[in-house]
Amino acid sequence: QFAFQENEIKLLTAEVERLKNFGCLGVSPSLEGLRDENAKLKYRLNFLQKSLQEERSKAAKSMININSCLQEIFGAAIQAAYPELENPPLVVTPSQQPKFGDYQCNSAMAISQILLKTKEQKVSPREIAEKIAKNIPANECIEKVEIAGPGFINVHLRKDFVSKQLSSLLMNGVQPPAIGKRKKVVVDFSSPNIAKEMHVGHLRSTIIGESMCRLFEFAGYDVLRLNHLGDWGTQFGMLIAHLQDKFPDYLTVSPPIGDLQAFYKESKRRFDTEEEFKKRAYQCVVLLQSKNPDFIKAWELICDVSRKEFQKIYNCLDITVIERGESFYHEMMKDIVKEFEDKGFVQVDDGRKIVFVPGFPVPLTIMKSDGGYTYDTSDLAALKHRLCEEKGDILIYVVDSGQSVHLQTVFAAGQMIGWYDPKVTRVAHAAFGVVLGEDKKKFKTRSGDTVRLIDLLEEGLKRAMDKLKDKERDKVLTAEELKAAQTSVAFGCIKYADLSHNRLNDYVFSFDKMLDDRGNTAAYLLYAFTRIRAIARLANIDEQMLRKAAREEVLILDHEKEWKLGKCILRFPEILQKILEDLLLHTLCDYLYELATTFTEFYDNCYCVEKDRQSGQIVKVNMWRLLLCEATAAVMAKGFDILGIKPVQRM
């Protein structure tokens, strides 16, 4: 990218000089035109130089992905050692044990197999590893490599390199790894239905989607967060008919619908049992779809009541999302049907218009026999709008696994009709499993109803306060600090319990487990974080002193626990890079837990602040170790932010 910009700057500079010479020679025919052209080129040149400067400055501050650096180094070494191999396997991973170095390159075994199969050459992996090692180019990060076992290449990093990266982190803050071209990401998440309360099933989509948005935003992408509300369709007929009966003056007096769930159940019962009401409900749908103003007003009233309820939950969980429900795409649906018809993809089946997509047994129904549209039509319209109008480079649908076949069919239809090329645009379904109760069955209330999300959050707050009082935190924290700790623990634990499980699996919801302050839980991590933050405070070291030390101190990493912690901190960018690729956020939770436990090992073995045993007075502050504490806390804070968890200073 830099090379391309530099080349354009050279060409533009030459062109500006050429035009300047023209002006000097007094070539008069179109002098004004030349001046305009010169001004335009100068403007473009200034813009490019400025943007190149900004990109360079950003890249200089970016945290280095050490794994990616090593892959580039070993990629070049393999290319030099075996130039005849096309796309040779490249495997670089962190070492599991210190005796095997810091990273390992495990490509030699796979290359040995390829040489045997394609060239009929029998070469031992160890010999291949030695040849790769000899061709490693000069670099700033590798201290030495060793060949172990059948052909593993153990990599030892340079201490000064790791120390320098940690100093950069402390001076520049936790910065994302460089991503190249800034892309637009559209994330579809949460998506409850109007007139129905949000229940525990919406929890996963809401939490996972919010966290994915935060990750892509931190990495420098342009993110559009969309809430694909179920705000259109036949169910509004029965709701409007029931509204007219219960609140006949709804057009002039705002109806006091307190419990929308009960209102929905009443209208559904009438729809199922009263034939006359059912007929009226169908008429209401027709009038709503034909945009009758009175019926649009009724629809808006019902949507507003739902919106307020949804917002209470979004406020609790700190969720930001733009509402763009099914109704937004309603006007586009006839064009979608026409486009599929014009391209010859539509078949008529018993009055329905259907589209078969190769590789999928069930067709999409894009128009019902009565002329109405379906979820298939609205999902196709949404897909096209996100690709063609929003110009999304990456589309992510955070929707439960049960919708997998439906969404894959819709994506394949979009590809078939030519809306996008999967080699250029990424369209992904970030599927997730269901929330189970402790009995391993679908999470329900005792009466068998679905658990309301607002009830779940209130129960979380109550239990968090009980836990804090059990630990006698109410005796040492102010009322304000206690309230902050309560919300931090309650909502942090609910989010973390979800995000720390592989989203593809079902997970068991248990307040007892998520509020446990031992093991891989938010309660443990939040407590560890407040402890780390308190170390400098208790040593009377303020932020200004830490900043000065970050500029002047060299981080000594001589103790094995210092070295282990330093390397662990610097793995943050490679963890994020992995999640940007596979969208599995539990990797970040596992990493934060590993970082917290690695820190505990360091803190137990390395004195940060040395005190007199008799008086308790501070004798010595090991500033480089305090800087390691600060770097750990900075990475943890950014990890929490991506997960949507708010830590507190005192707990």
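Answer with yes or no whether E217 is part of a helix (DSSP H, G or I), modelled with pLDDT of 95 or more and open to solvent by 10 Å² or more (accessible area, probe 1.4 Å). Yes: the conditions hold for E217. Among the criteria (1) touching a Cys at 6+ places or on another chain (Cβ under 9 Å); (2) loosely packed, with under 13 Cβ neighbours inside 10 Å, the one K291 does not fulfil is (1). Regarding the range 150-167, can at least one residue be identified that is surrounded by 18 or more Cβ atoms within 10 Å (Cβ to Cβ), small (G, A, S), out of contact with any Leu (no Cβ under 8 Å at 6 or more places or on another chain) and at pLDDT below 95? Yes, because at least one residue in the range 150-167 is surrounded by 18 or more Cβ atoms within 10 Å (Cβ to Cβ), small (G, A, S), out of contact with any Leu (no Cβ under 8 Å at 6 or more places or on another chain) and at pLDDT below 95. The set of residues in the range 391-424 being over 20 Å from V362 (Cα atoms), surrounded by 15 or more Cβ atoms within 10 Å (Cβ to Cβ) and either touching a residue at least 60 places away in the same chain (Cβ under 8 Å) or out of contact with any Leu (no Cβ under 7 Å at 6 or more places or on another chain) (or both) consists of G392, D393, I394, L395, I396, Y397, V398. Of all residues in the range 113-125, those satisfying the criterion of being more than 40 Å from the chain's Cα centre (by Cα) and open to solvent by 90 Å² or more (accessible area, probe 1.4 Å) are K117, T118, E120, K122. Where residues in the range 496-534 are at pLDDT 90 or above and touching a strand residue (DSSP E or B) at 6+ places or on another chain (Cβ under 6 Å), which of them is surrounded by the most Cβ atoms within 10 Å (Cβ to Cβ)? Step by step, filter the range 496-534, then rank; the result is H501.
Mind listing just one residue for me: the one in the range 175-202 that is hydrophobic (A, V, I, L, M, F, W, C) and modelled with pLDDT of 95 or more and, of those, nearest to G402 (Cα to Cα)? Spell out the reasoning first.
Step one: filter the range 175-202 for residues hydrophobic (A, V, I, L, M, F, W, C), giving 178-179, 185-187, 189, 194-195, 198, 200.
Filter again for modelled with pLDDT of 95 or more, leaving 185-187, 189.
Numbers: V185: 24, V186: 21, V187: 18, F189: 15 Å.
The residue in question is F189.
If you go through the range 491-519 and keep only what is in a loop (DSSP other than H, G, I, E, B) and charged (D, E, K, R), you end up with R503, D506, D516, D517, R518. Here Y250, Y264, Y282, Y314 are screened, and the one residue that is part of a loop (DSSP other than H, G, I, E, B) and surrounded by 14 or more Cβ atoms within 10 Å (Cβ to Cβ) is Y250. Have a look at A81, A133, A76, A108 and point out the one that is hydrophobic (A, V, I, L, M, F, W, C) and farther than 27 Å from L570 by Cβ. Every option except A81 fails the conditions. Residues in the range 182-194 that are assigned to a loop (DSSP other than H, G, I, E, B) and over 18 Å from the mean Cα position of the chain (by Cα) were compared, and the one that is farthest from E210 (Cα to Cα) is I194. Inside the range 542-570, can you point out the residues that are out of contact with any Cys (no Cβ under 9 Å at 6 or more places or on another chain), surrounded by fewer than 20 Cβ atoms within 10 Å (Cβ to Cβ) and outside any helix (DSSP H, G or I)? Answer for the range 542-570, where residues must be out of contact with any Cys (no Cβ under 9 Å at 6 or more places or on another chain), surrounded by fewer than 20 Cβ atoms within 10 Å (Cβ to Cβ) and outside any helix (DSSP H, G or I): D542, E553, V554, I556, D558.
The one condition from (1) in contact with an Asp or Glu (Cβ under 8 Å, 6 or more places away or on another chain); (2) closer than 17 Å to D582 by Cβ; (3) part of a strand (DSSP E or B) that V223 does not meet is (2). In the condition set (1) surrounded by fewer than 21 Cβ atoms within 10 Å (Cβ to Cβ); (2) outside any strand (DSSP E or B), R204 is compliant with all but (1). Got at least one residue in the range 70-77 being farther than 30 Å from L555 by Cα, surrounded by 13 or more Cβ atoms within 10 Å (Cβ to Cβ) and without any contact (Cβ under 8 Å) to a residue 24 or more places away in the chain? Yes, the range 70-77 contains at least one residue that is farther than 30 Å from L555 by Cα, surrounded by 13 or more Cβ atoms within 10 Å (Cβ to Cβ) and without any contact (Cβ under 8 Å) to a residue 24 or more places away in the chain. Taken across the range 349-358, residues that are in contact with a strand residue (DSSP E or B) (Cβ under 7 Å, 6 or more places away or on another chain) and in a helix (DSSP H, G or I) do not occur at all. In the condition set (1) open to solvent by less than 30 Å² (accessible area, probe 1.4 Å); (2) closer than 21 Å to R386 by Cβ; (3) touching a residue at least 40 places away in the same chain (Cβ under 8 Å), I366 is compliant with all but (3).
The values are calculated or read from the model by the stated rules, or taken from the named source; none is laboratory data. Fair warning: this is a prediction, and the values are worked out from it, not measured in the lab. Backbone-built Cβ (ideal geometry, glycine too); neighbour counts: all protein chains shown. The area values use the complete protein model at the heavy-atom level, side chains included, leaving out ligands, DNA and RNA. Shrake-Rupley method; radii C 1.70, N 1.55, O 1.52, S 1.80 Å.
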